[in-house]
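Let me begin by presenting the structure, written as structure tokens, before commenting on it.
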Amino acid sequence: MFRLTEYMHQLVNPTPVRARRGSGTVKPVVIWNLTRRCNLKCRHCYTVSADVDFPGELSPEQAMETLEDLGRFRIPALILSGGEPLDRKDMFEIATRARKLVRMLALSTNGTKIHGEVADRVAEIGFDYVGISIDGIGETNDWFRGVDGAFSDALRGVRECKKRGIRVGLRFTLTEANHQHLPEIIKLCDDEGVDKFYLSHLVYAGRGDKNRGEDAAHIRTRKALDLLIERAWTAASGGAYLDIVTGNNDADAGYFLRWVADNFSADQVAHVREHLVAWGGNSSGLGVANIDNLGRVHPDTYWSGYTIGNVKTQPFSQLWTGGDKMLDLLRTRPRPLKGRCAVCTLRDVCGGNTRIRALQLTGDPWAEDPACYLSNAEIGVEDAERLTVTPFRGKSHDPAHRFY
């Protein structure tokens with residue numbers, strides 16, 4: 001996750017750079033897919049969720065055992081996700097216990113169920129943050145999410161959270177079909193007093209892989225970042241506050257750094273770059289982890305084809321520190337990247353970007369990320385061919401052991 005607002009503030013209120021911790025000391029933010037059941041049918045759903053029961057999901061007892069282990073392991077944050085996490089019958093029991101065990105607790109939801117007693121329970125538990133997904137205004141959102149009325153129901157959820165003093169954010173996945181709605185979504189954030197905006201780039205996983213041809217063209221992505229940078233600078237300069245972050249395309253950090261170079265002194269560029277290098281870009285397998293609805297542990301939420309182990313048979317803390325070979329490679333700096341990523345002058349900033357897109361297109365997780373929208377000149381590379389996105393043809397690659 002690239003925290004645009006945080007790094008923008010380094011230009012007006014610089015702070016010392018914190019040393020990057022070694023991979024052995026990093027405890028991950030855990031994104032836990034409590035269930036695959038969901039009342040919506042989103043075109044880019046990475047879990048291919050549906051409004052049905054899925055066999056093999058963690059029992060209440062297994063979920064609580066996992067939660068206790070996460071607490072003892074002292075993870076910095078836990079994000080309860082789905083499917084739609086509110087569709088899990090014991091979600092509130094899990095969340096109530098989690099509130100006592102982790103420092104930061106968040107809920108990732110489509111927002112359509114947050115009203116009445118459910119909204120009261122969410123407020124009572126004391127989530128630090130509730131993220132609600134909206135992928136366009138009105139009918140566009142409903143088309144993306146597969147259910148008429150999803151937009152109005154999600155907006156109701158935003159308002160119910162605000163009414164109860166819950167910190168709430170909007171999440172928006174950028175594609176060719178909805179990029180024109182981004183200015184309206186930002187305005188919606190301002191009009192509704194939303195605390196945080198999260199721009200998600202499309203990842204080729206689940207239905208997002210089958211619809212990879214709808215990924216935003218690079219020029220759309222650049223224009224989207226221009227808009228977000230402008231809004232973040234307005235806030236940093238004393239305007240209305242909005243916490244802006246982006247996810248699933250760490251090239252955003254390189255694009256921001258080039259904006260800094262175009263507008264500020266060499267000393268300020270160097271300072272911001274130091275902060276970005278300390279952050280290190282993509283954190284799959286290092287600063288972020290995923291537990292899916294069946295208890296399988298993955299390097300991130302999109303890498304469902306690679307499983308480290310299962311919390312039904314071994315605690316997460318042991319799996320995460322057990323010397324898994326793929327995790328070791330993901331934690332290596334620099335990573336064993338190929339193509340443009342291998343020779344990019346910004347690879348210490350972005351960490352090689354999102355590996356799952358490279359895997360899905362080429363079968364090799366170390367190939368270049370095709371969603372990097374920076375030109376060869378911008379990354380200091382000469383005459384390198386670019387990997388292009390091809391439409392889904394009915395085959396998803398699996399990260400087999402040959403990549404170790």
> Which order do R220, R37, R88 take when ranked by solvent-accessible area (1.4 Å probe, heavy atoms of all protein chains), largest first?
Replying inline: R220, R37, R88
>> Explain nothing, just the number: relative contact order of the stretch 329-378, from Cα pairs under 8 Å at least 6 residues apart, as a whole percent.
In response: 32 percent
>> Can you tally the net charge around G71? Count Lys and Arg as +1, Asp and Glu as -1, for every other residue whose Cβ sits under 13 Å from the Cβ of G71.
In response: +4
> Tally Lys and Arg at +1 and Asp and Glu at -1 over the other residues with C-beta under 9 Å from the C-beta of N290: what net charge comes out?
Replying inline: -1
> Protein chains only, probe 1.4 Å: how do H179, H275, H298 rank by accessible area, largest first?
Replying inline: H179, H275, H298
> Taking Cα pairs under 8 Å and at least six residues apart, what relative contact order does the chain come out at, in percent?
Replying inline: 19 percent
> If r is the Cβ-Cβ distance from D364 to H218 and R0 is 35 Å, what FRET efficiency results, to the nearest 0.05?
Replying inline: 0.95
> Rank L86, L4 by accessible area, highest first, at a 1.4 Å probe radius?
Replying inline: L86, L4
> Exactly which trypsin sites (Lys or Arg not before Pro) in the stretch 133-169 are in a DSSP loop and have at most 16 other Cβ atoms within 10 Å?
Replying inline: R164, R167
> What are the residues whose amide H is under 5 Å from the amide H of V29, where those residues sit 5 or more places off or on another chain and H is modelled from the backbone?
Replying inline: V288, A289
>> Between Q314 and S59, what's the calculated FRET efficiency when r is the beta-carbon distance and R0 is 22 Å? Round to 0.05.
In response: 0.85
> Which lysines have a Cα lying under 22 Å from the Cα of K113, excluding residues fewer than 8 positions away in the same chain?
Replying inline: K41, K89, K162, K163, K196
> Around V381, what is the net charge, scoring Lys/Arg as +1 and Asp/Glu as -1 over all other residues with Cβ under 15 Å from its Cβ?
Replying inline: -2
> Length gain on complete extension for the stretch R99 to K187, per 0.36 nm per residue less the alpha carbon to alpha carbon distance?
Replying inline: 28.5 nm
> Out of (1) 30, 26, 22; (2) 114, 49, 14; (3) 37, 21, 19, which label holds the value of semi-axes √(5λ) of the Cα gyration tensor in Å that was computed here?
Replying inline: (1)
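The values are calculated or read from the model by the stated rules, or taken from the named source; none is laboratory data. Everything numeric here is computed off the predicted structure, so don't read it as measured data. Cβ coordinates were reconstructed from backbone atoms using ideal geometry, including for glycine residues, and neighbour counts include every protein chain displayed. Note: accessible area is taken over every heavy atom of the protein model, side chains too, but ligands, DNA and RNA are not part of it. Shrake-Rupley method; radii C 1.70, N 1.55, O 1.52, S 1.80 Å.
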